[in-house]
Amino acid sequence: MKNASLAMNGGPRAVRALKPGPTKLGREELAELIDLWAFSPANRRKLLAILWSEKNLHGPHLFRYYNPRPSKVLAAERLFAKFIGVEHTLAVNSCTSALIASFRALGIGMGDEVIVPGYTFFATAATVCACNAIPVIADVDDTLTLDPKDVERKITKRTKAIAVVHMRGAPAQMDEIMKLARRHKLAVVEDVAQACGGSYKGRMLGAIGSTGCFSFDFYKILNCGEGGFVTTNREWLYTRAQSWHDTAACWRPNRYASERREGELFCGENYRMSELQGAVALAQIRKAGKFLKGYRANRDRILTALRLPEGVALRRLADPAGDTGVCIVLFLPDVERTQWALKALKAEGVPAGGVYDSEVKDWHIYRYWEHVMERKAVAPDGLPWSGVPKSELPRYRPEMCPRTLDYLSRAILVDVKWSYSAADCRGIAAGINKVLREV
Ligand SMILES: Cc1ncc(COP(=O)(O)O)c(C=O)c1O
C-alpha cells in the first residue's frame with residue numbers, strides 16, 4: 001500500500017527548510033587574531049566595538065577547498081606562480097612538507113640516495129630519511145652551496161636526486177648542478193627556503209630544477225607563521241605532489257575520478273595550507289618586491305662602505321645579480337682571528353654571527369645531525385637504513401666534509417635587514433671596518 005503522507009509520494013515534507021544558523025567561527029576568533037597584532041589599547045577597543053556591532057556576521061571558511069568565497073590559498077598560489085615564473089605552485093604547511101612532497105612526487109623511496117649539502121638546515125636531509133631514502137652528504141665550497149665536484153664524486157648507482165640548497169640568500173651553482181643532473185639522469189630539488197626571490201642568470205630560484213621548495217616560516221624572507229610552496233613546470237610532478245599533500249588526492253577538483261594514468265593516486269599525508277596562512281602568505285607575496293629592494297639596497301650600502309684588509313674575503317656568489325641580499329658572508333684567514341673578530345663585532349653592536357666553532361651545536365651543520373650520523377630509525381624496521389645493504393650505506397663521520405667545516409669555521413655572517421636606515425648601514429660598515437683593521 002502506497003503511503004500518501006510520505007513526501008516521496010506527494011505528501012508534505014517533514015522538514016521545510018533548514019535555516020543556516022550562525023557559523024562556528026565568529027567574533028571571538030577574529031578578536032583573538034586582533035590580539036595577535038599589537039594595536040594600541042584605544043584602537044583595540046575601537047576594533048572590538050566594531051566587531052561586536054556587526055549584525056549577522058558570517059565567519060570565514062578556513063578550508064581551502066570548497067570555500068564559498070574566493071580561496072586565499074588559491075590566490076596565493078597563483079600570485080606565487082607569477083612571481084617565480086612557473087606553471088604550477090602548491091601551497092603546503094612548511095618547506096619540510098614541500099621537500100617530502102617533492103621527493104614523493106619524484107618517486108623517491110626505499111633504497112634511493114639523494115645528495116644533500118653538508119651545510120643546510122637539517123630538514124633537507126631529514127626529509128630524505130622521511131621518504132625512507134638515504135641522504136648522501138657532499139661538501140660546500142666558497143659559495144656555501146653544493147660543490148659540484150664533490151657532488152659528482154658522491155653519485156652512485158642508487159642516486160636519484162640532488163637536493164641543492166640556495167643557502168643564506170644566494171643562488172647555488174645551477175649550471176654545473178643541472179649539467180651533472182642531465183648527464184646522470186638525476187632529478188634536482190631546489191631548496192629555496194632561505195633565498196625566496198633570488199635568481200640565477202635571469203631565472204628565479206625554484207624555476208630551474210624539477211621542483212622548488214619554499215619556506216614561509218617566521219624566520220624567512222616571506223612568512224605566514226608556518227607555510228611553504230612547491231613550484232614546478234611539470235604538471236605530472238604537481239599532480240603527484242598535490243596527491244601526497246592531500247592525503248590521497250582527496251580534494252582534487254574531480255575528487256572521485258579514477259586515476260588518469262598509473263602513479264596518479266596513492267596514499268599520502270595532510271600538508272594542506274589553511275585559509276588563515278593563505279591570507280597572510282598572499283599579503284606577504286605582494287610585498288616581496290619591496291622587501292627584496294630593501295635587502296639589496298642595504299647590502300649594497302654596507303658593501304660599498306667596506307674596506308676589507310688582505311686575507312679577508314667575501315663569499316663567492318654564483319650569480320651576484322641573483323643574491324637576495326639578506327646576508328653578507330666574510331671569510332677570515334683562520335679560526336682564531338674569526339673568533340676574536342666575532343667578539344669584537346658583538347661589542348661594536350654589529351649584527352654578525354659565526355657558524356661553526358666546534359663547540360656550539362648548530363642544526364645547519366651536518367656533523368651535528370646525530371639522527372643521520374648515528375643512523376637513527378623511528379621504528380623497529382630500521383628504515384631508512386635497512387633499505388640498503390649495510391656495506392653500501394654511506395659512512396658518516398664528523399670529519400667527512402673537511403672543506404665545509406673549514407669554510408664554516410672561518411665564516412662571519414652579517415645579517416642584513418630590509419628595514420635598516422642608511423645610518424644603520426653606515427654604522428654596520430664602520431663597525432666591521434674598525435674590527436677588521438685589527439685582525
Ligand atoms: C634550507 C632550509 N630548508 C628547509 C627548511 C625547513 O623549513 P620549514 O621550517 O618551513 O619546514 C629550512 C628552515 O629553516 C631551511 O633553512
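Looking at residue 272, is it more than 15 Å from the ligand (Cβ to nearest atom), within 26 Å of residue 125 (Cβ to Cβ), touching a residue at least 40 places away in the same chain (Cβ under 8 Å) and touching a strand residue (DSSP E or B) at 6+ places or on another chain (Cβ under 8 Å)? No: the conditions fail for residue 272.
When 205, 276 are checked against the criterion of being more than 23 Å from residue 174 (Cα to Cα) and not assigned by TED's automatic domain parsing to the domain that holds residue 410, 276 stands alone in meeting it. Applying the criterion of being exposed (fewer than 10 other Cβ atoms within 10 Å of the Cβ) and not aliphatic (A, V, I, L, M) to the residues of the stretch 33-51, the residue that is nearest to residue 277 (Cα to Cα) is 37. Taking residue 21 as the residue in question, decide whether it is under 30 Å from residue 164 (Cα atoms) and outside any helix (DSSP H, G or I). Judged against the criteria, residue 21 is not a match.
Tell me, yes or no, whether the stretch 353-368 has at least one residue that is in contact with an Asp or Glu (Cβ under 9 Å, 6 or more places away or on another chain), surrounded by 16 or more Cβ atoms within 10 Å (Cβ to Cβ) and not in a helix (DSSP H, G or I). There is at least one residue in the stretch 353-368 that is in contact with an Asp or Glu (Cβ under 9 Å, 6 or more places away or on another chain), surrounded by 16 or more Cβ atoms within 10 Å (Cβ to Cβ) and not in a helix (DSSP H, G or I). Within the stretch 151-196, if we keep just the residues that are acidic (Asp, Glu) and free of Cβ contacts under 8 Å to residues at least 40 places away in the same chain, the residue that is nearest to the ligand (Cβ to nearest atom) turns out to be 190. Regarding residue 189, is this residue over 21 Å from the mean Cα position of the chain (by Cα), in the same structural domain as residue 84 (by TED's automatic domain parsing) and buried (at least 24 other Cβ atoms within 10 Å of the Cβ)? When the stated conditions are applied, residue 189 does not pass them.
Which residues, taken from the stretch 88-97, are part of a strand (DSSP E or B) and either more than 18 Å from residue 208 (Cβ to Cβ) or within 13 Å of the ligand (Cβ to nearest atom) (or both)?
Of everything in the stretch 88-97, those that are part of a strand (DSSP E or B) and either more than 18 Å from residue 208 (Cβ to Cβ) or within 13 Å of the ligand (Cβ to nearest atom) (or both) turn out to be 91, 92.
When the stretch 198-244 is limited to residues that are charged (D, E, K, R), in a loop (DSSP other than H, G, I, E, B) and under 17 Å from residue 99 (Cβ atoms), the one that is farthest from the ligand (Cβ to nearest atom) turns out to be 234. Any idea which residue in the stretch 369-378 is surrounded by the most Cβ atoms within 10 Å (Cβ to Cβ), counting only those that are part of a loop (DSSP other than H, G, I, E, B) and free of Cβ contacts under 8 Å to residues at least 60 places away in the same chain? By that ranking, first place goes to 375. Among the conditions (1) aliphatic (A, V, I, L, M); (2) within 16 Å of the ligand (Cβ to nearest atom); (3) buried (at least 23 other Cβ atoms within 10 Å of the Cβ), residue 126 misses just one, which is (3). Screening residue 285 with (1) touching a residue at least 40 places away in the same chain (Cβ under 8 Å); (2) among the aliphatic types (A, V, I, L, M); (3) surrounded by fewer than 14 Cβ atoms within 10 Å (Cβ to Cβ) gives one miss only, at (3). Against the list (1) over 27 Å from residue 226 (Cβ atoms); (2) crowded, with 20+ Cβ neighbours inside 10 Å, the condition residue 295 fails is (1).
Restricting 14, 42 to residues that are part of a helix (DSSP H, G or I), without any contact (Cβ under 8 Å) to a residue 12 or more places away in the chain, more than 18 Å from the chain's Cα centre (by Cα) and more than 22 Å from residue 271 (Cα to Cα) narrows the list to 42. Scanning the stretch 380-439 for residues that are touching a Pro at 6+ places or on another chain (Cβ under 8 Å), under 16 Å from residue 306 (Cα atoms) and surrounded by 12 or more Cβ atoms within 10 Å (Cβ to Cβ) turns up 414, 415, 428, 436, 439. I'd like to know if the stretch 98-118 contains one or more residues that are within 16 Å of the ligand (Cβ to nearest atom), farther than 25 Å from residue 77 by Cα and either small (Gly, Ala, Ser) or without any contact (Cβ under 8 Å) to a residue 12 or more places away in the chain (or both). Checked against the condition, which is being within 16 Å of the ligand (Cβ to nearest atom), farther than 25 Å from residue 77 by Cα and either small (Gly, Ala, Ser) or without any contact (Cβ under 8 Å) to a residue 12 or more places away in the chain (or both), the stretch 98-118 yields at least one hit.
When residue 65 is tested against the conditions (1) within 16 Å of the ligand (Cβ to nearest atom); (2) within 21 Å of residue 269 (Cα to Cα); (3) hydroxyl-bearing (Ser, Thr, Tyr), the lone failure is (1).
Surrounded by 15 or more Cβ atoms within 10 Å (Cβ to Cβ), more than 14 Å from residue 77 (Cα to Cα), under 19 Å from the mean Cα position of the chain (by Cα) and modelled with pLDDT under 95, is that true of residue 217?
Numbers: surrounded by 15 or more Cβ atoms within 10 Å (Cβ to Cβ): yes; more than 14 Å from residue 77 (Cα to Cα): yes; under 19 Å from the mean Cα position of the chain (by Cα): yes; modelled with pLDDT under 95: no.
No, not satisfied.
The values are calculated or read from the model by the stated rules, or taken from the named source; none is laboratory data. No experiment lies behind these values; they were computed from the predicted model shown. For neighbour counting, all protein chains shown are included, and Cβ atoms are generated from backbone atoms with ideal geometry for every residue, glycine included.
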